[in-house]
Amino acid sequence: MKRFITTIKNIWKIKELRDRILFTLLILGVYRLGSFILLPGVNREVLEAVTSNSAPTDILSMLNAFAGGGFNRAALFALGIMPYITASIIVQLLGFAVPYFQKLQQKEGESGRKKLSQITRLLTLAITLVQGGAYLSWIKSQGAIDPHLAESIFWISNIIILSSGTIFAMWLGEKITDRGIGNGISLLIMIGIIATLPQAFFFEITSQMAGGGLLFFVIEIAVLFAITMASVLIVQGVRRIPIQFAKRMVGRSSNIPVQGARDYIPLKVAAAGVMPIIFAQALMFLPSTISQYVVGQTTSNEGIMAKLTDISSAPYNIVYFILVVVFTYVYTALLVNPKQYAEYLKRQNAFIPGVKPGKPTQDFIDAVTTRVTLPGSIFLGAIAILPSIIQLFGVNQMFAYFFGGTSLLIIVGVVLDTLQQIESYLLMRKYDGLVKSGKIKGRSSSMQTIGSDL
C-alpha cells in the first residue's frame, strides 16, 4: 500500500504527466455527458419501455455496450465511435488486399499514413450517414418519435446531429491521443463498456445478498480476478525468435571483427487481439437477424435455427468457439507476414541461428507462428464463450458480460497500453516503475524489434 501511495505521488509530481491525465479525464467526462443528451423529437419514455424488454443477445445490445448505453437512450453519441472502428477495419483489410492501400501503409511513410487517416475519416462519415439512417428507422419502428414533430425535420436534423456526434467523438479520441494519455479511440470504447459495470456489480451483489449467497459472490470475484490475470498473460505473451546480425569489420587498417548484435522477433500469442471475436460475433448474429426480418414471427422455437440464436445453447457456443479459432488464424495470417520478416532480415544482414536466409527463414517463421497461434486461438475461443458458461452458475447476464468476450479483452488491452505510457514517464524521470521488476508491456510493446519496422 505504501508503494502504491508513493507511485501516485510520483505521478502527480510530473507536471506533463499530471496535465495529460487530467486532460484525458476531462475529455472522457465530455464523452460520457454526450451519451445522455437526448436527440430532438425522440420520446424517451416509449424508448425506455422498448429497450428494457429487449433481449440482450442481439447486435443492437453489442452496439449499446460499445456506446456506453447511448444507443438505447437515443443520445447524441448513440452510434458512439463504432463507425470509425468499422472504417478503420475496412481500410486495414483493404491494406492486405489492394495494392494501392498496401503502398500507402508500407512504402510512403508519414505521408501515406496521413492519406490513410484522411480516407478513414471520409469513410467514417459515409458509414455514419448509413448507420444513422438505419438507427432512426429503428427508432421509428419502435414508435418512439414525438408525433408533434414533422417527420422530415426529425430525419434531417437527427442525421446531421448523429453524424456530428460521431465526428466529434472521433475528434475527442484523437485529442486524447495527442494531448492525453493512452490511445484515445480505445479509451472511448473502454469507458463505454465499463459504464455499465457499477450497475451490474450492484445488481449482482444485491441479488446474491438477498439469496444468502455472499460466499458465492466472493467466489465470483475470485474467478473474475483469475480470468483477468489469465487474459493479461495471454495479451502480453510472446514467442521470441532469436536473431543474429552478421559480424562487421571496423577500423581502416586493423580490420578488427566485431561480434554482431543479438535481437529477437516477438511473435505474439494473441496477435489478432479482439478482432476474431468481433467477426465471429457478427456472423453469429446473422441467424437471429434473418429469422427476425426475413422469416418473421412464424419461426419455430425449436430446431437448429432457434438453437443458433440462443447464446446459452450448446450448438451456439460450439459454432461460436470454432469461428473464433478459425478467424484467429485468418487474421493472424493477415497481420504476420513471414515473407516480410525474411526480406527484412536479409536487408539488415541478419539471420536466425541454424536457419538459412530466404525461403527457409520464411518457412520457419510461418511454422512458429502457426504453433504459437494455436494456444492463443483456443484461449480466445474460451474467452468468447465464458459469459454464456458463467450464466449457467446463476450469475446475472449483465455481470457475466464482464467475464469474457470483447469487453474483457478490450479493457485489459487498453489498461495495459495506458499503464505502459504512464510507466514510461516515471522511468524517464528516474522514478520507480509501476511494478517491482520487469516492465509493463501493452499491445504495441514491440519495442526495438523487427516487427515494429515492418
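The values are calculated or read from the model by the stated rules, or taken from the named source; none is laboratory data. Because the structure is a prediction, the values reported are computed rather than measured. Positions of Cβ are backbone-derived with ideal geometry, glycine not excepted, and every protein chain shown enters the neighbour counts.
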When I156 is run through (1) buried (at least 16 other Cβ atoms within 10 Å of the Cβ); (2) of a type in the set (A, V, I, L, M); (3) farther than 23 Å from I27 by Cβ, the failure sits at (1)
Result of the Cβ filter at 9 Å on region 147-173, keeping first residues that are over 12 Å from L76 (Cβ atoms) and free of Cβ contacts under 8 Å to residues at least 12 places away in the same chain and partners that are assigned to a helix (DSSP H, G or I) and not small (G, A, S), at least 6 apart or interchain, is E151/K140
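Determine, yes or no, whether F327 is closer than 26 Å to Q391 by Cβ and at pLDDT 70 or above.
Yes.
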ask   = Among the residues of region 104-111, is any surrounded by 14 or more Cβ atoms within 10 Å (Cβ to Cβ) and outside the structural domain of S424 (by TED's automatic domain parsing)?
value = yes
Considering region 12-30, residues that are without any contact (Cβ under 8 Å) to a residue 24 or more places away in the chain and touching a helix residue (DSSP H, G or I) at 6+ places or on another chain (Cβ under 7 Å), and then whichever is farthest from L172 (Cα to Cα), we arrive at W12
- Query: Do we find that F154 is touching a helix residue (DSSP H, G or I) at 6+ places or on another chain (Cβ under 7 Å) and not small (G, A, S) in this structure?
  - Reply: no
Here, helices (runs of 4 or more DSSP H) confined to region 92-200 with at least 3 residues that are among the charged types (D, E, K, R) and farther than 30 Å from F217 by Cα are 109-141, 151-179
Subset of region 163-192, residues β-branched (V, I, T) and under 17 Å from L25 (Cβ atoms), comes to I176, T177, I181, I185, I189, I191
Of the residues in region 46-103 that are under 15 Å from the mean Cα position of the chain (by Cα) and at positive phi, the one that is modelled with the lowest pLDDT is G68
Listed by first then second residue, the pairs whose first member lies in region 189-213 and is farther than 25 Å from M82 by Cα, whose partner is of a type in the set (A, V, I, L, M) and in a helix (DSSP H, G or I), with beta carbons under 8 Å and at least 6 positions apart or on separate chains, are F203/M398; E204/M398; Q208/L214
Practice task
Return yes when N158 is within 20 Å of Y84 (Cβ to Cβ) and over 25 Å from the mean Cα position of the chain (by Cα) and no when it is not.
Solution key: yes
Picking from P198, P242, P147, the residue that is exposed (fewer than 12 other Cβ atoms within 10 Å of the Cβ) and either under 23 Å from N64 (Cα atoms) or among the polar types (S, T, N, Q) (or both) would be P198
Residue check, Y341 crowded, with 21+ Cβ neighbours inside 10 Å, touching a Pro at 6+ places or on another chain (Cβ under 6 Å) and of a type in the set (S, T, Y) = no
TODO: Answer with yes or no whether I450 is at pLDDT 85 or above and in contact with a helix residue (DSSP H, G or I) (Cβ under 7 Å, 6 or more places away or on another chain).
DONE: no
Those residues of region 229-245 which are within 22 Å of D263 (Cβ to Cβ) and among the polar types (S, T, N, Q) amount to Q236, Q244
Considering residues that are in a helix (DSSP H, G or I) and under 20 Å from A246 (Cα atoms), the number found within region 340-375 is 14
Is it the case, given these coordinates, that I21 is surrounded by 12 or more Cβ atoms within 10 Å (Cβ to Cβ) and modelled with pLDDT of 90 or more? yes
Boolean, L392 is surrounded by 17 or more Cβ atoms within 10 Å (Cβ to Cβ), modelled with pLDDT under 90 and out of contact with any Phe, Trp or Tyr (no Cβ under 9 Å at 6 or more places or on another chain): no
Counting only residues in region 351-363 that are in contact with a helix residue (DSSP H, G or I) (Cβ under 8 Å, 6 or more places away or on another chain) and touching a residue at least 12 places away in the same chain (Cβ under 8 Å), the one surrounded by the fewest Cβ atoms within 10 Å (Cβ to Cβ) is identified as K359
